[in-house]
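The values are calculated or read from the model by the stated rules, or taken from the named source; none is laboratory data. None of the values given here were measured: they were computed from a predicted structure. Cβ sites come from the backbone with ideal geometry, for glycine too, and all protein chains shown count toward neighbours. These area figures cover heavy atoms from the full protein model, side chains too; ligands, DNA and RNA do not enter into them. Shrake-Rupley method; radii C 1.70, N 1.55, O 1.52, S 1.80 Å.
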Amino acid sequence: MRLVSEAILHFEDKLYLFANNMNMLYSIEIETGCIELIGGIPNRNFYDKRLVAAIIEWKRCIYLIPLVSGNIWIYSIDNKNWEEIEINSYENNWANSYFRNAVIFNDILYLFGGYYPAIVKVELTTKNVQYDFDVFAKRKKEEKDLFFRGTPVQVDDNVYLASAIDNSILKYSLTKSTYEWISVGKDGDKFSGIEWDGNNFW
């Protein structure tokens with residue numbers, strides 16, 4: 001069995017990965033290289049592909065951010081049990097693809113749309129889900145274009161994401177839920193990601 005992974009989480013002495021070629025969460029012990037097959041998401045086929053876009057940890061639980069499914073899956077490291085949070089489907093969501101990345105700030109999980117035209121906020125203590133569609137209301141894209149590709153940059157309480165549809169950067173306040181679109185470079189430019197070196201964005 002060959003495990004091919006894109007999503008990875010470093011937590012304590014292990015790396016947690018989710019295979020993009022099948023429904024499998026597994027870990028690698030950093031010091032020994034020992035691999036543990038944790039298991040698949042319940043009620044999903046073993047050969048389901050590209051289920052997960054990113055992995056985040058909060059209070060010793062692993063949150064699997066969905067790429068091609070409308071659920072956030074939660075795995076408890078200590079109890080070994082699974083939970084899920086349902087995300088509303090969106091009728092114009094091309095290829096049923098949802099998110100590319102997420103961050104946690106003040107016990108709120110923020111998911112940023114790949115094809116999904118909203119920032120989704122999940123209060124982790126209550127599992128309450130809110131949707132901010134206003135951020136994308138004026139962003140025009142072709143059916144197969146996605147809003148963002150790369151991982152966001154977080155500086156204090158602001159998140160920056162580089163647009164994959166035009167020459168703009170989204171600056172989103174995690175405390176105020178306010179946003180600003182900033183034009184960068186020439187008209188017609190598109191970006192695959194953004195980085196921060198402590199002084200400048202790249």
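Values for this structure:
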{"read-out": "Some residue of region 18-25 being modelled with pLDDT under 90 and of a type in the set (A, V, I, L, M)", "value": "no"}
{"read-out": "The lone exception for residue 124 - which of (1) open to solvent by 10 Å² or more (accessible area, probe 1.4 Å); (2) closer than 20 Å to residue 158 by Cα it fails", "value": "(1)"}
{"read-out": "Members of region 104-131 that are farther than 25 Å from residue 50 by Cβ, in contact with a strand residue (DSSP E or B) (Cβ under 9 Å, 6 or more places away or on another chain) and in contact (Cβ under 8 Å) with a residue 40 or more places away in the chain", "value": "105, 107, 108"}
{"read-out": "Count of residues meeting criterion [at pLDDT 85 or above and not in a strand (DSSP E or B)] in region 104-116", "value": "2"}
{"read-out": "Filtered residues of region 19-37 (kept if touching a Lys or Arg at 6+ places or on another chain (Cβ under 8 Å) and of a type in the set (Val, Ile, Thr))", "value": "28, 30"}
{"read-out": "Members of region 162-176 found to be surrounded by 15 or more Cβ atoms within 10 Å (Cβ to Cβ) and under 21 Å from residue 107 (Cβ atoms), listed by number", "value": "172, 174"}
{"read-out": "Top-ranked residue of region 105-127 - restricted to ones that are among the aromatic types (Phe, Trp, Tyr) and closer than 16 Å to residue 174 by Cβ, ranked as farthest from the chain's Cα centre (by Cα)", "value": "105"}
{"read-out": "Hits in region 177-188 (condition: at pLDDT 90 or above and open to solvent by less than 70 Å² (accessible area, probe 1.4 Å))", "value": "177, 181, 182, 184"}
{"read-out": "Subset tally (residues that are part of a strand (DSSP E or B) and either touching a residue at least 40 places away in the same chain (Cβ under 8 Å) or hydrophobic (A, V, I, L, M, F, W, C) (or both)) for region 135-187", "value": "14"}
{"read-out": "Strands (runs of 3 or more DSSP E) completely within region 1-103 that count 3 or more residues being of a type in the set (D, E, K, R) and without any contact (Cβ under 8 Å) to a residue 60 or more places away in the chain", "value": "82-86"}
{"read-out": "Subset tally (residues that are under 14 Å from the mean Cα position of the chain (by Cα) and either farther than 22 Å from residue 90 by Cα or at pLDDT 90 or above (or both)) for region 128-149", "value": "0"}
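Yes/no per residue for (1) at pLDDT 95 or above; (2) open to solvent by 50 Å² or more (accessible area, probe 1.4 Å); (3) polar (S, T, N, Q):
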{"site": "7", "(1), (2), (3)": "no, no, no"}
{"site": "16", "(1), (2), (3)": "yes, no, no"}
{"site": "27", "(1), (2), (3)": "yes, no, yes"}
{"site": "43", "(1), (2), (3)": "no, yes, yes"}
{"site": "48", "(1), (2), (3)": "no, no, no"}
{"site": "60", "(1), (2), (3)": "yes, yes, no"}
{"site": "67", "(1), (2), (3)": "no, no, no"}
{"site": "71", "(1), (2), (3)": "no, no, yes"}
{"site": "82", "(1), (2), (3)": "yes, yes, no"}
